[in-house]
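Here the structure is laid out as C-alpha cells; the discussion comes afterwards.
The values are calculated or read from the model by the stated rules, or taken from the named source; none is laboratory data. None of the values given here were measured: they were computed from a predicted structure. Methodologically, a virtual Cβ is constructed for each residue, glycine included, from the backbone with ideal geometry; neighbour enumeration extends over all protein chains shown. In case anyone asks, the SASA skips ligands and DNA or RNA and just uses the protein heavy atoms, side chains included. Shrake-Rupley method; radii C 1.70, N 1.55, O 1.52, S 1.80 Å.
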Amino acid sequence: QVQLVESGGGLVQAGGSLRLSCAASGRTFGSYAMGWFRQAPGEERYFLAAISRFDSSTHYADSVKGRFTISRDNVQNTVYLQMNGLKPEDTAVYYCAAALIRLNVAISNYYYTRREAYDYWGQGTQVTVSS
C-alpha cells in the first residue's frame, strides 16, 4: 500500500513558479509509475504528467509541455512537479497518484493518462494563480 501526501501549493502571480512535492510511504515507491493530475471546480480530474519507474522517462499533457517538469527521487520516495510560467488557467487542486507498473506499457502510453490506471491518490494541494 502507498500513502501519498502533496505539499507546495499556494498563491502565486501569473508568470510565477511553484514546486509541488508528493511524499510516498513504504518501500514500494520504485514499483509505481507516478503521475500528477489537477481538478478545477466543477471539472473532472485530468492528467498533467507521469514519470516511469526507474528511469527518467516522462510524459506530459500538451497544455503543460515546456512549462511543467515532473521528477522523482526514489531514495527519498518523493515525486515533484516544477511549474513555471503559471497562468490563471492553472488554478486547481493538484493531485499526485501512483500506478502499479505494467510490463510492456511505456510511460508515454495513454494508459497512464487515465485516472483508472492509478491505484493510490493524495488528498491534493491547492494552487491558485492570480492575474
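Tabulated values for the structure
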{"read-out": "Relative packing of 10-21, 91-102, 45-56, which averages over residues the other C-beta atoms within 10 Å, highest first", "value": "91-102, 45-56, 10-21"}
{"read-out": "Kirkwood hydrodynamic radius of the chain, from inverse mean 1/r over distinct Cα pairs, in Å", "value": "14.5"}
{"read-out": "Label-point separation, THR128 to TYR111 (7 Å along Cα→Cβ), nm", "value": "4.0"}
{"read-out": "Probe 1.4 Å, accessible area per residue of region 1-93, Å²", "value": "49"}
{"read-out": "Average projected area [Cα convex hull, region 11-72], square nanometres", "value": "5.4"}
{"read-out": "Solvent-accessible area, 1.4 Å probe, carbon plus sulfur percent, for the chain", "value": "47"}
{"read-out": "Paramagnetic reach from ALA61 in region 12-51 [backbone N under 14 Å; point 7 Å along Cα→Cβ]", "value": "35-50"}
